[in-house]
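The values are calculated or read from the model by the stated rules, or taken from the named source; none is laboratory data. Every value quoted in this text rests on a predicted model; they were computed, and no experiment measured them. With ideal geometry, Cβ positions are generated from the backbone for all residues, glycine too; neighbour counts draw on all protein chains shown. Ligands, DNA and RNA are excluded from the accessible area calculation, which covers all protein heavy atoms including side chains. Shrake-Rupley method; radii C 1.70, N 1.55, O 1.52, S 1.80 Å.
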Amino acid sequence: MLNYKIELVRRHATVKDYFPADLPPLLKRIYLNRGLCYPKDLERSTKHLFSFKLLYDIDKAVVLLHEMLSKNRKIIVVGDFDTDGATSTALTVLALRSMGGQNVQYLIPNRFVDGYGLTRKMVTYLHMIGADMILTVDNGISSHEGIKCAKKYGIPVIVTDHHLPSHNLPDATAIINPNISNCSLPLCSLAGVGVAFYLMTALRTYLREKGWFNSKWVEPNLANLLDLVALGTIVDVVPLDINNRILVWQGLNRIRAGICRPGIIALLEIAKRDLHDLSTDDLSYILGPRLNAAGRLHDMSIGVALLLTDDLAKARALANELNTLNQARKKIEIVMQNDALKLCSVLQKQESSLPLGLTVYHPEWHQGIVGIIASRLKERFHRPVIAFAPTGIGDGILKGSGRSIENLHLRDILEHLNTIKPKLMIKFGGHAMAAGLSIKESHYKEFSKNFSDLVNDLVQDKMISTIIWSDGPLQPSDFSIQTADLLRKAGPWGPSFPEPTFDGKFELIRQRLINKRHLHVLLRVLDNGPLIDGLLFNVDTNIWPNTDVNQVELVYKLDIKKYRGKRFVQLIIEYLCPLK
């Protein structure tokens, strides 16, 4: 079903080397391939973070928060139902309480009842329970009606968000969003939790200057919350620029040292992961899915409760609940993914090729899982995908979740579509690589055609080609625990700062399926090199295992696996091709 090209390209450095002579040659090559060339590019200390003073409205926000704290007013933190929203909420609540907030509560919208963001209905409820101020985290930039309602009730609103704004900003008391002002550009890659962390550090500085911290309120060390910043930043897949790399490195090392929330420890325990060996992949693929399962299937308040509790026993009980939800999510996802592939197969037969802007919809799908389906199809077919599901309440509305590819800005595409067809979408929002929207079910076919036509106009052939990047080959001596440890410590790796991948030719000695969908192989580096295990996730079982193949070309990452207390090197395979 593939109708796009796959191309293996080796990275080449385009910058001059100013690194110290004692930097290992392999690391030097990897850093230069990513455009880094100065020692300052490798800084990981918090003193090298950009200043919170770059954020527009930050002064207004801290003055209002100081007033609320000093008068013991009720502050309600309104979050979002994904991992970034949960970590943002937990961080803000913990920080405010540590700085004297005795009347700080939180509310997470329910995906199925409330929908996304600060709605009029939610504001009315907050007014009824006596909210004196609303502080949004990881949302709010598109909540025009909700903020207008809050103003009617006399409730000030501080918005902290990182999503891209529309042409008009909501009428909030203060808006902390690095994407609304050019002066904030160095911080424009912050996740929602990063924006929340910056606001809390600015508030602490302001309170210190006001003489707030004394025998009653001890000045908190907000660096202790960087475990939450690391988790939310990695799972939300924002670019790892130098600022985010510092935040993630600091948080990741705190988790490795056990200096983190009990909820994170409990999740790692239930996943049988050693926190001392933790990588950003563990945050993405182990912790993130378990937290997100709450928001996808039930209520993210469970996830926030997990991150807030100081009681490890309670954290373990909540982690077990999240793990059960994640298992249920996996079962639903398998059914939906099979449905989606069948729909794509039918569509491909009807049209001779898949649309460059792909939409899929099934009336029995679960709206909490469509984002995963869009992501899976995007990875498989390498084009923008929007997956839709009904709301489940019989209102004739579809909820859509989209994922895009490099150089095709999904939210901008939807913005342009909204300009051309202003009544086609009920609402939409998001950023370059991901977006959410709502449409009437009766508008689905019209939306699909217009979305496909618009992507067709924007796309270039090279965009719908999968380029598999490599940092070149490894020497036989590099297939070692020492090299794997070196690479792991050289990160953190993530979007815009990708984990090193290498290519090479291997003898294929043994192959078998694991769990009916993952391929385990035993390899030997050609020319009598070392034996090594490899693992390829979600393999095409129509092709593999293939006993006719004896030699293969791979693109892979160097990884460490543990077995019976010992550590071994293995390859995580990104691309597998038989050698002719």
Task: Candidate set from segment 361-371 (those that are in contact (Cβ under 8 Å) with a residue 60 or more places away in the chain and outside any loop (DSSP other than H, G, I, E, B)); member that is nearest to PHE537 (Cα to Cα) - done: GLY371
Open item on the list: Residues to consider are VAL137, VAL195; find the one that is in contact (Cβ under 8 Å) with a residue 60 or more places away in the chain, in the same structural domain as ALA293 (by the TED database), closer than 24 Å to GLN367 by Cα and in contact with a Ser or Thr (Cβ under 9 Å, 6 or more places away or on another chain).
Closed with: VAL137
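Pick from VAL555, VAL521: which is aliphatic (A, V, I, L, M) and either within 30 Å of ARG44 (Cα to Cα) or part of a loop (DSSP other than H, G, I, E, B) (or both)? Let's see the steps before the verdict.
Working: VAL521 fails: either within 30 Å of ARG44 (Cα to Cα) or part of a loop (DSSP other than H, G, I, E, B) (or both).
After applying the criteria, what remains is VAL555.
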- [ ] Of the conditions (1) farther than 18 Å from ASP84 by Cβ; (2) free of Cβ contacts under 8 Å to residues at least 40 places away in the same chain, ILE265 clears all except one; give me its number.
- [x] (2)
Open item on the list: I'd like the full set of residues that are surrounded by fewer than 17 Cβ atoms within 10 Å (Cβ to Cβ), touching a strand residue (DSSP E or B) at 6+ places or on another chain (Cβ under 9 Å) and of a type in the set (D, E, K, R), limited to segment 479-498.
Closed with: ASP485
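Condition test on ILE467, is it open to solvent by 10 Å² or more (accessible area, probe 1.4 Å) and touching a residue at least 40 places away in the same chain (Cβ under 8 Å)?
Details: open to solvent by 10 Å² or more (accessible area, probe 1.4 Å): yes; touching a residue at least 40 places away in the same chain (Cβ under 8 Å): yes.
Judged against the criteria, ILE467 is a match.
Look at segment 390-419 and say how many of its residues are in a helix (DSSP H, G or I), of a type in the set (S, T, N, Q) and either out of contact with any strand residue (DSSP E or B) (no Cβ under 8 Å at 6 or more places or on another chain) or not assigned by the TED database to the domain that holds LYS445 (or both). Show your work before the answer.
As a first pass, look at segment 390-419 and keep what is in a helix (DSSP H, G or I): 410-419.
Next, from what is left, pick out any that are of a type in the set (S, T, N, Q): 418-419.
Now drop any that are not either out of contact with any strand residue (DSSP E or B) (no Cβ under 8 Å at 6 or more places or on another chain) or not assigned by the TED database to the domain that holds LYS445 (or both), which leaves 419.
Counting residues in segment 390-419 that are in a helix (DSSP H, G or I), of a type in the set (S, T, N, Q) and either out of contact with any strand residue (DSSP E or B) (no Cβ under 8 Å at 6 or more places or on another chain) or not assigned by the TED database to the domain that holds LYS445 (or both) gives 1.
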Task: Top-ranked residue of segment 535-550 - restricted to ones that are touching an Asp or Glu at 6+ places or on another chain (Cβ under 9 Å) and surrounded by 14 or more Cβ atoms within 10 Å (Cβ to Cβ), ranked as nearest to ASN338 (Cα to Cα) - done: LEU536
Open item on the list: For the list (1) in a strand (DSSP E or B); (2) surrounded by fewer than 21 Cβ atoms within 10 Å (Cβ to Cβ), I need the number of the one condition that GLY429 fails.
Closed with: (2)
- [ ] Select from segment 15-46 the residues that are in a helix (DSSP H, G or I), open to solvent by 60 Å² or more (accessible area, probe 1.4 Å) and hydroxyl-bearing (Ser, Thr, Tyr) and list them in ascending order.
- [x] THR46
Open item on the list: Looking at the structure I just gave you, is SER353 under 24 Å from GLY115 (Cβ atoms), surrounded by fewer than 23 Cβ atoms within 10 Å (Cβ to Cβ) and small (Gly, Ala, Ser)?
Closed with: no
- [ ] Please indicate, with yes or no, whether at least one residue in segment 479-495 is assigned by the TED database to the domain that holds SER375, of a type in the set (A, V, I, L, M) and touching a residue at least 24 places away in the same chain (Cβ under 8 Å).
- [x] no
Task: Within segment 496-505, tally of residues that are in contact (Cβ under 8 Å) with a residue 60 or more places away in the chain and farther than 28 Å from SER189 by Cβ - done: 2
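Determine which member of the set GLY534, GLY529 is within 30 Å of LYS489 (Cα to Cα), of a type in the set (Gly, Ala, Ser) and in contact with a helix residue (DSSP H, G or I) (Cβ under 6 Å, 6 or more places away or on another chain). Outline the logic, then answer.
Working: GLY534 fails: in contact with a helix residue (DSSP H, G or I) (Cβ under 6 Å, 6 or more places away or on another chain).
Answer to the check: GLY529.
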- [ ] Kindly indicate whether GLY115 is closer than 22 Å to LEU187 by Cβ, modelled with pLDDT under 95 and not in a helix (DSSP H, G or I).
- [x] no
TODO: State whether the residues of segment 64-79 include one that is within 23 Å of SER181 (Cβ to Cβ), touching a helix residue (DSSP H, G or I) at 6+ places or on another chain (Cβ under 9 Å), touching a residue at least 24 places away in the same chain (Cβ under 8 Å) and open to solvent by 10 Å² or more (accessible area, probe 1.4 Å).
DONE: yes
Open item on the list: Let me confirm something: among ASN528, ASN546, ASN515, which residue is at pLDDT 90 or above and more than 21 Å from VAL9 (Cα to Cα)?
Closed with: ASN546
Task: Single condition SER401 does not satisfy, out of (1) in contact (Cβ under 8 Å) with a residue 40 or more places away in the chain; (2) within 23 Å of PRO109 (Cα to Cα) - done: (1)
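Go through ILE532, ILE560, ILE572, ILE509 for me and flag whichever is in a strand (DSSP E or B) and loosely packed, with under 14 Cβ neighbours inside 10 Å.
Working: ILE532 fails: loosely packed, with under 14 Cβ neighbours inside 10 Å; ILE560 fails: loosely packed, with under 14 Cβ neighbours inside 10 Å; ILE572 fails: loosely packed, with under 14 Cβ neighbours inside 10 Å.
When all the criteria are applied, what remains is ILE509.
Kindly indicate whether any position in segment 378-390 is more than 21 Å from the chain's Cα centre (by Cα), over 11 Å from ALA434 (Cβ atoms) and either open to solvent by 10 Å² or more (accessible area, probe 1.4 Å) or in contact (Cβ under 8 Å) with a residue 60 or more places away in the chain (or both).
Initial filter on segment 378-390 (more than 21 Å from the chain's Cα centre (by Cα)): 389-390.
Still in the running and over 11 Å from ALA434 (Cβ atoms): 389-390.
From what is left, the residues that are either open to solvent by 10 Å² or more (accessible area, probe 1.4 Å) or in contact (Cβ under 8 Å) with a residue 60 or more places away in the chain (or both) are 390.
Scanning segment 378-390 turns up at least one residue that is more than 21 Å from the chain's Cα centre (by Cα), over 11 Å from ALA434 (Cβ atoms) and either open to solvent by 10 Å² or more (accessible area, probe 1.4 Å) or in contact (Cβ under 8 Å) with a residue 60 or more places away in the chain (or both).
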TODO: Just one of (1) in a loop (DSSP other than H, G, I, E, B); (2) polar (S, T, N, Q); (3) more than 20 Å from LEU454 (Cβ to Cβ) trips up SER375, so point out which.
DONE: (1)
- [ ] Have a look at ASN418, ASN456 and point out the one that is surrounded by fewer than 18 Cβ atoms within 10 Å (Cβ to Cβ) and either touching a Phe, Trp or Tyr at 6+ places or on another chain (Cβ under 8 Å) or among the hydroxyl-bearing types (Ser, Thr, Tyr) (or both).
- [x] ASN418
Task: Yes/no for GLU333 being closer than 19 Å to ALA271 by Cα, of a type in the set (Asp, Glu) and out of contact with any Phe, Trp or Tyr (no Cβ under 7 Å at 6 or more places or on another chain) - done: no
- [ ] Out of the residues in segment 148-184 that are touching a Pro at 6+ places or on another chain (Cβ under 7 Å) and open to solvent by 40 Å² or more (accessible area, probe 1.4 Å), state the one that is modelled with the highest pLDDT.
- [x] THR173
Open item on the list: Please go through segment 81-100 and give me each residue that is open to solvent by 10 Å² or more (accessible area, probe 1.4 Å) and touching a residue at least 24 places away in the same chain (Cβ under 8 Å), ordered by number.
Closed with: PHE81, ASP82, LEU94, SER98
TODO: Using the structure shown, decide if ASP57 is surrounded by fewer than 24 Cβ atoms within 10 Å (Cβ to Cβ), among the charged types (D, E, K, R) and within 29 Å of the chain's Cα centre (by Cα).
DONE: yes
